[in-house]
1. Taking the stretch 9-24 only, how many residues are in a loop (DSSP other than H, G, I, E, B) and touching a helix residue (DSSP H, G or I) at 6+ places or on another chain (Cβ under 6 Å)?
2. Looking at residue 27 and the list (1) in a loop (DSSP other than H, G, I, E, B); (2) in contact with a helix residue (DSSP H, G or I) (Cβ under 8 Å, 6 or more places away or on another chain), which single condition is not satisfied?
3. Scanning for something in the same structural domain as residue 161 (by TED's automatic domain parsing), surrounded by 22 or more Cβ atoms within 10 Å (Cβ to Cβ) and at positive phi, does the stretch 48-66 turn up at least one residue?
4. Do we find that residue 337 is surrounded by 14 or more Cβ atoms within 10 Å (Cβ to Cβ) and within 20 Å of the chain's Cα centre (by Cα) in this structure?
5. Can you tell me how many residues in the stretch 67-100 are in contact with a helix residue (DSSP H, G or I) (Cβ under 9 Å, 6 or more places away or on another chain) and either more than 26 Å from residue 181 (Cβ to Cβ) or not assigned by TED's automatic domain parsing to the domain that holds residue 163 (or both)?
6. For the stretch 174-181, state whether one or more residues are modelled with pLDDT of 95 or more, out of contact with any helix residue (DSSP H, G or I) (no Cβ under 6 Å at 6 or more places or on another chain), in the same structural domain as residue 118 (by TED's automatic domain parsing) and under 18 Å from residue 22 (Cα atoms).
7. Would you point out the residue of the stretch 30-46, among those that are under 14 Å from residue 349 (Cβ atoms) and either in a strand (DSSP E or B) or under 21 Å from the mean Cα position of the chain (by Cα) (or both), that is modelled with the lowest pLDDT?
8. Limited to the stretch 123-152, what total is found for residues that are assigned to a loop (DSSP other than H, G, I, E, B) and either in contact with a helix residue (DSSP H, G or I) (Cβ under 8 Å, 6 or more places away or on another chain) or closer than 30 Å to residue 210 by Cα (or both)?
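The values are calculated or read from the model by the stated rules, or taken from the named source; none is laboratory data. Note that the coordinates shown come from a computational prediction; the quantities given were computed from them, not determined experimentally. Cβ: placed from backbone, ideal geometry, glycine included. Neighbour counts: every protein chain shown.
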């Protein structure tokens, strides 16, 4: 990992400590050079294995005391942005509501991360990623044909539609201020973000090329040429040979180029039968043998690697896609900048420090 000031050098963010998506946004901002000051409660123990807490300066404040609130307001007065992941109204009850903070600092960008949003009938209800993506229709798309919806862990609501959307919102708000605008509040709701991530699928539905029944489409395991297969050694490989030219390479490498059964690639009626044919073929060799035959070709192939294998793969290792901090292997900052490379991350501190 190269050392550098980062593209966000000079930006100061105050992060009120939480879990999941808001810390992920803070991590992304810190990775790229922002000074992120994480406000923790006194006595909080910071686990050095908490990847999402890396590269922060920790400040321990008792936000239930007048002194702690005053110190937090002072931090926000000197900051460019604030991020928090409390339920609606909590920040206000602490005496740190957006109206007060913006009165102190009119250029402040305040990012508020919630599941349901700051307003609406469910705004004050508890929930998790699985609930947010269920309400948006996204969860209905994940799973195989004839089976119940399967949540893709918490990638869609918490991180894709939540933390990453919050990081984008913060940067947009900060850029607006740099261009002469005023500070503002960003209502970042995971239901909004999860819906936005499904934009292409909504477009496909409108075009009549996406069926509502899950597991019957090109990208949801419906297509036999976009799926995973078990190999002879009990491991798995993934293929995504959608385009005709890539599908042709797959057929040639698998020895089925002259089999007429595989000619009507887009005939959905034959997908299940051809999936069984491919399953039998992939089960004849080990994953390593399939890698030797297919990896690096235009068949759109990759082995399905586990957590120990992924960082050691030659391509990922060659790009230094993972770093190790105090014995904890974790993804390196992304994306890559040519002139302002990301700051080398450091492990979170074990204990809060007082300001």
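1. To start, the set of residues in the stretch 9-24 that are in a loop (DSSP other than H, G, I, E, B) comprises 9-11, 17-20.
In the following step, the residues that additionally are touching a helix residue (DSSP H, G or I) at 6+ places or on another chain (Cβ under 6 Å) were identified as 20.
Total satisfying the criteria: 1.
2. (1)
3. Yes, the stretch 48-66 contains a residue that is in the same structural domain as residue 161 (by TED's automatic domain parsing), surrounded by 22 or more Cβ atoms within 10 Å (Cβ to Cβ) and at positive phi.
4. Working: surrounded by 14 or more Cβ atoms within 10 Å (Cβ to Cβ): yes; within 20 Å of the chain's Cα centre (by Cα): yes.
For residue 337, the condition - surrounded by 14 or more Cβ atoms within 10 Å (Cβ to Cβ) and within 20 Å of the chain's Cα centre (by Cα) - is met.
5. Looking only at that region, the number is 2.
6. Just the residues of the stretch 174-181 that are modelled with pLDDT of 95 or more, to begin with: 174-181.
Within this subset, residues satisfying the condition of being out of contact with any helix residue (DSSP H, G or I) (no Cβ under 6 Å at 6 or more places or on another chain) are 174-181.
With the extra rule that they be in the same structural domain as residue 118 (by TED's automatic domain parsing), the set shrinks to 174-181.
Narrowing further to those that are under 18 Å from residue 22 (Cα atoms): 174.
For the stretch 174-181, residues modelled with pLDDT of 95 or more, out of contact with any helix residue (DSSP H, G or I) (no Cβ under 6 Å at 6 or more places or on another chain), in the same structural domain as residue 118 (by TED's automatic domain parsing) and under 18 Å from residue 22 (Cα atoms): present.
7. The selected residue is 45.
8. Kept after step one, since they are assigned to a loop (DSSP other than H, G, I, E, B), are these residues of the stretch 123-152: 123-128, 137-138, 142-152.
Keeping just the survivors that are either in contact with a helix residue (DSSP H, G or I) (Cβ under 8 Å, 6 or more places away or on another chain) or closer than 30 Å to residue 210 by Cα (or both) gives 127-128, 137-138, 142-152.
Residues flagged as assigned to a loop (DSSP other than H, G, I, E, B) and either in contact with a helix residue (DSSP H, G or I) (Cβ under 8 Å, 6 or more places away or on another chain) or closer than 30 Å to residue 210 by Cα (or both) within the stretch 123-152 amount to 15.
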